[in-house]
Amino acid sequence: MTEGEGELAYNLTVIYGMSVLSMVVLYKVLYPPQHSSPPPSPMVSSESLPSPQSTLALIKSRRSIMPKDLSGESLTREEVELVLEAANWAPTHHKTEPWRYTVVEGSDAINDYLDMMETWYSDNKEDISEADYDKFLMKLSGARSTWPQNVSHVVVIGMARQALPDKKLPEWEEICAVASSVQNLHLALTSIEGAGGFWSSHTWCRMFRDSQDMRDYLGLKDAEDRVLGAFVIGKVQEGKTFKGKRRDWMEKVTWK
């Protein structure tokens, strides 16, 4: 190879290498890797889904079980994470996913949660009627007598009023989404052997529930964000059974 041919081969090699590098850089710019969002859940095959009969049986087995009927045995972290994942798969208009959960775990943390309520009511006593304050103290006494001893976790339920910066839906749609999420949580809890609980609306402590202090505790900064109570969960005392009853569904349905 002559000197001129060698120089030409070298130049062509450099040009080819730079072209390949430019193509790689351009591809990465145009199609950056997506790390911020988890991959979509794959479709579940029909063979792995429960039958209509077993699905209806699960729904009919759901019960609201009060703390007095819980044993004090704790759910495992894996069990709690399972019900929270189920809660995350609720229907949501425009995929806003407005539900926000704060998990209070174990008797010490539950005591701290109740202490926080009591402190807030004491600090704001001048703005609360005597009747409301006395009712709160009565309900708090009942919670103190059962929750720390019997309850495994308290899952406080929040709603982000505007979960996405570019979308603000009617409030009732977001409340419905959160309620659907809680129903998913409850059904998943029902599927765990020996587990149960109930949705406390926190009406008995509604002044604290609706305060900015409560929203701050949950990391909800917008004044329009909502706290919708808490789901109280645990393991059911051995031997306890709970009946359920509904009027005929046909009384509530009209066909056109």
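The values are calculated or read from the model by the stated rules, or taken from the named source; none is laboratory data. Every value quoted in this text rests on a predicted model; they were computed, and no experiment measured them. We place every Cβ from the backbone using ideal geometry, glycine too, and count neighbours over all the protein chains shown. Note: areas computed on protein heavy atoms with side chains; ligands, DNA, RNA excluded. Shrake-Rupley method; radii C 1.70, N 1.55, O 1.52, S 1.80 Å.
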I128 versus S54, label points 7 Å from Cα toward the beta carbon: distance in nm?
4.8 nm
Farthest towards the positive end of the dipole of the range 84-220, among A86, Q212, I128 and with Cβ unit charges of +1 on Lys and Arg and -1 on Asp and Glu, lies the Cα of A86
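So between E173 and K95, what do we pick up on full extension, going 0.36 nm a residue minus the alpha carbon distance? Let's see the in-between values first.
Working: separation 78, 0.36 × 78 = 28.08 nm, distance 1.14 nm.
The span from E173 to K95 would gain 26.9 nm if fully extended.
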Computing the accessible area with a 1.4 Å probe over protein heavy atoms, can you report the carbon and sulfur percentage for the range 67-191?
49 percent
Cα-based Rg / Dmax (Å) for the range 124-256
18.1, 56
Where only protein heavy atoms count, and the probe is 1.4 Å, what is the accessible area per residue for the range 126-256 in Å²?
57 Å²
Per residue, what volume in Å³ does the convex hull of the Cα atoms of the range 167-243 enclose?
133 Å³
Label 7 Å along Cα→Cβ of D222; the range 73-100 residues with amide nitrogen under 15 Å?
93-100
Once the piece of chain linking D248 and D108 is laid out straight, how much longer is it, given 0.36 nm per residue of separation minus the C-alpha distance between them?
46.0 nm
For K125, the lysines lying under 27 Å Cα to Cα, once residues fewer than eight places off in the same chain are dropped, come out as K135, K139, K221
